[in-house]
Amino acid sequence: MTQEELFKKLVAHCKEYGFVFPSSEIYDGLGAVYDYGQNGVELKNNIKRYWWESMVRLHENIVGLDSAIFMHPRTWEASGHVGAFNDPLIDNKDSKKRYRADVLIEEWIEKQNEKIAKEVEKARKRFGETFDEVQYRTTSPRVMEVAAQRDAIHSRFVRALSESNLDELRQIIVDCEIADPISGTRNWTEVRQFNLMFSTQMGSTAEGANTIYLRPETAQGIFVNFLNVQKTGRMKLPFGIAQIGKAFRNEIVARQFIFRMREFEQMEMQFFVRPGDEMRWYDHWREWRMKWHRSLGFGADNYRFHDHDKLAHYANAAADIEFNFPFGFKEVEGIHSRTDFDLSRHQEFSGKKLQYFDPESGESYVPYVVETSIGLDRMFLQVLSAAYVEEVLENGEERTVLRFPAPLAPVKVAVLPLVKKDGMPEVAREIVDALKYDHNVTYDEKDSVGKRYRRQDALGTPLCVTVDGQTLEDRTVTIRHRDTMQQERVAIDVLPRIVDEICSMRSLLKNLA
Ligand code: GAP
């Protein structure tokens, strides 16, 4: 199965099993907007809990916030979003499709890397054990030629971005002979800037309507509340404020399912530090956030850092954590050292002081900020694509299973009476009642047990508990484990402890200690 086929199956699975639906589907959907179904919302809530508890509960010096989506319009002038939150766009005149010029060039650069990797792999096979990759990369004329072209384009690209030179971006696309994947032609328009913020009106026109924006990031709600939280919480530097909430961007090139949406959720944390300490904290959070991802057990090789070529208007260092999605390595999270840009600008635009009085030095200053910003929907897609497996079993049967880390699974336990009579449903209900206060548990009595197991595998339920004839005699049940499909017989009384050990968030959080 190709990665493309795998991705299509994943999208279909999300719909069939109540994880993700296109928004307003009965009206043929709305571009790049999605709804989370009965299982999707559980998975999403568990991811939020993993993030919130690891960031807020495990860190004494991080507290939470829930700020409004609507903010005073001056906020976005101060933050630079009104002036500079743009994407460089280019249209293909034949397909009439619109693309991000920077993404077209980045994809071209990635293709050169793939070409080089292919050459290296071919040579590795040819030379066998004696193969020296470093020597090959620095002596093979073919590899050196591709690398030189890549590096030359990369330098031009970085310069064009930092100078906001749109003509040069177009010229790079022309020089690299990049063709539209749909029409196959190179008939490109000029490159233009496009602001990504959605705007709306607050108040009726008679009252004097005011243009306001749907927030494109949650971070600004944290900045404008910095002093409120610091003073009321008597917080001492360094400290962080964390928030989970919706953000909105009028993405023009919205592709790849829930990877790039127009309405999405962010989980952001701003960490306020003394000026001069920011690089130390930037390195700390970069590593810590990578550890958070890797603790889920999806394989260390599926993650990498990508240091930014062009820094956003507010940053003096920035890196992405990328995950190996079915469509390649892509950004899931950004770690940015945002300097004192945001607080200083809000100070300037509001006329209110946003300074911290440092009791140690006796000075007042505007703190520097290190930010960790992860897209909840991208994280959801990461978990789903890493968990989705199609297997052929020993008996030749096939099953689709979602190997979620148990604490993230939407349903933790399915309780199944073997038959719908002889008092088995009653005992099964009793087990549901005993577990439901701590975990999301489901009761299922329809179809054969085999079919019920498959259904739960497809939802990623880690444990199935079956009530059978023996249960009625000795109050024991079988527990069937999703990944190994092994079954064990245990007393009903010990079920809460076993489920807790396997499914509680504690096991994930302890990995981070
Ligand atoms: N406050 C910093 C900030 O917003 P960003 O890199 O623009 O930085 C942070 O966004 C994260 O938000 C990204 O790493 C990504 O996971 C998520 N994100 C951004 N745009 C998105 C979109 N259109 N759809 C889904 N997630 C998005």
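The values are calculated or read from the model by the stated rules, or taken from the named source; none is laboratory data. Nothing here was measured: the structure is a model prediction, and the numbers come from that model. Positions of Cβ are backbone-derived with ideal geometry, glycine not excepted, and every protein chain shown enters the neighbour counts. Quick note on the areas: whole protein, heavy atoms, side chains included, nothing else; ligands and nucleic acids left out. Shrake-Rupley method; radii C 1.70, N 1.55, O 1.52, S 1.80 Å.
Worth a mention:
- Cβ-Cβ contacts under 6 Å between residues 6 or more apart (or on different chains), taken from a first residue in region 299-328 that is more than 30 Å from V82 (Cα to Cα) to a second residue that is of a type in the set (D, E), are listed as R304/E322.
- Qualifying position, being exposed (fewer than 15 other Cβ atoms within 10 Å of the Cβ) and within 16 Å of the ligand (Cβ to nearest atom), among K246, K231: K246
- Flag if T218 is surrounded by 21 or more Cβ atoms within 10 Å (Cβ to Cβ) and either away from the ligand (no atom under 15 Å from the Cβ) or not charged (D, E, K, R) (or both): yes
- Residue that is surrounded by the most Cβ atoms within 10 Å (Cβ to Cβ) [pool: residues in region 395-436 that are among the basic types (K, R) and over 24 Å from R497 (Cβ atoms)]: R399
- Some residue of region 346-360 being small (G, A, S) and assigned to a strand (DSSP E or B): no
- Residue-level check: of (1) touching a residue at least 40 places away in the same chain (Cβ under 8 Å); (2) open to solvent by 50 Å² or more (accessible area, probe 1.4 Å), L6 misses just (2).
- Filter pass, D309 being exposed (fewer than 15 other Cβ atoms within 10 Å of the Cβ), among the acidic types (D, E) and within 30 Å of Q382 (Cα to Cα): no
- Residue match in region 319-327 (condition: more than 16 Å from the ligand (Cβ to nearest atom) and within 25 Å of K291 (Cβ to Cβ)): yes
- Cβ-Cβ under 7 Å pairs, at least 6 apart or on other chains, region 500-513 side in contact (Cβ under 8 Å) with a residue 60 or more places away in the chain, far side open to solvent by less than 60 Å² (accessible area, probe 1.4 Å) and among the small types (G, A, S): I502/A406; C503/A406; L508/S295; L509/S54; N511/S295; L512/S54; L512/S295
- Among the residues examined, M279 does not qualify as buried (at least 18 other Cβ atoms within 10 Å of the Cβ) and at pLDDT 95 or above.
- All conditions but one from (1) surrounded by 13 or more Cβ atoms within 10 Å (Cβ to Cβ); (2) within 30 Å of D35 (Cβ to Cβ) apply to E390; the one that does not is (1).
- Qualifying helices (runs of 4 or more DSSP H) (wholly inside region 30-143; at least 2 residues being within 21 Å of the chain's Cα centre (by Cα)): 38-52, 101-127
- The set of residues in region 358-384 being open to solvent by 20 Å² or more (accessible area, probe 1.4 Å) and within 21 Å of the chain's Cα centre (by Cα) consists of R378 alone.
- Pick from region 234-243, criterion touching an Asp or Glu at 6+ places or on another chain (Cβ under 8 Å) and open to solvent by 10 Å² or more (accessible area, probe 1.4 Å), ranking: nearest to the ligand (Cβ to nearest atom): P238
- Any hit, region 119-140, residues being of a type in the set (F, W, Y) and either in the same structural domain as F248 (by TED's automatic domain parsing) or within 30 Å of G221 (Cβ to Cβ) (or both): no
- The requirement of being within 38 Å of the chain's Cα centre (by Cα), more than 28 Å from L384 (Cβ to Cβ) and among the small types (G, A, S) is satisfied by A434.
- Looking only at region 257-292, and only at residues there that are within 9 Å of the ligand (Cβ to nearest atom) and among the basic types (K, R), the one that is farthest from A318 (Cα to Cα): R262
- For region 257-271, the tally of residues that are over 13 Å from the mean Cα position of the chain (by Cα) and open to solvent by 40 Å² or more (accessible area, probe 1.4 Å) stands at 2.
- Condition met for L509 (part of a helix (DSSP H, G or I) and either surrounded by fewer than 21 Cβ atoms within 10 Å (Cβ to Cβ) or not assigned by TED's automatic domain parsing to the domain that holds Q382 (or both)): yes
- Hey, E333 touching a Ser or Thr at 6+ places or on another chain (Cβ under 6 Å) and open to solvent by less than 20 Å² (accessible area, probe 1.4 Å) or not: no
- Sole exception among (1) buried (at least 18 other Cβ atoms within 10 Å of the Cβ); (2) at positive phi for G128, by number: (1)
- When we screen I182, I178 for residues that are assigned by TED's automatic domain parsing to the domain that holds R137, farther than 21 Å from K310 by Cα, among the hydrophobic types (A, V, I, L, M, F, W, C) and surrounded by fewer than 13 Cβ atoms within 10 Å (Cβ to Cβ), the only hit is I182.
- Residues being open to solvent by less than 40 Å² (accessible area, probe 1.4 Å), touching a strand residue (DSSP E or B) at 6+ places or on another chain (Cβ under 9 Å) and under 17 Å from T75 (Cβ atoms) - total across region 336-357: 3
- Among the candidates R170, R159, residue that is within 30 Å of H81 (Cβ to Cβ) and open to solvent by 60 Å² or more (accessible area, probe 1.4 Å): R159
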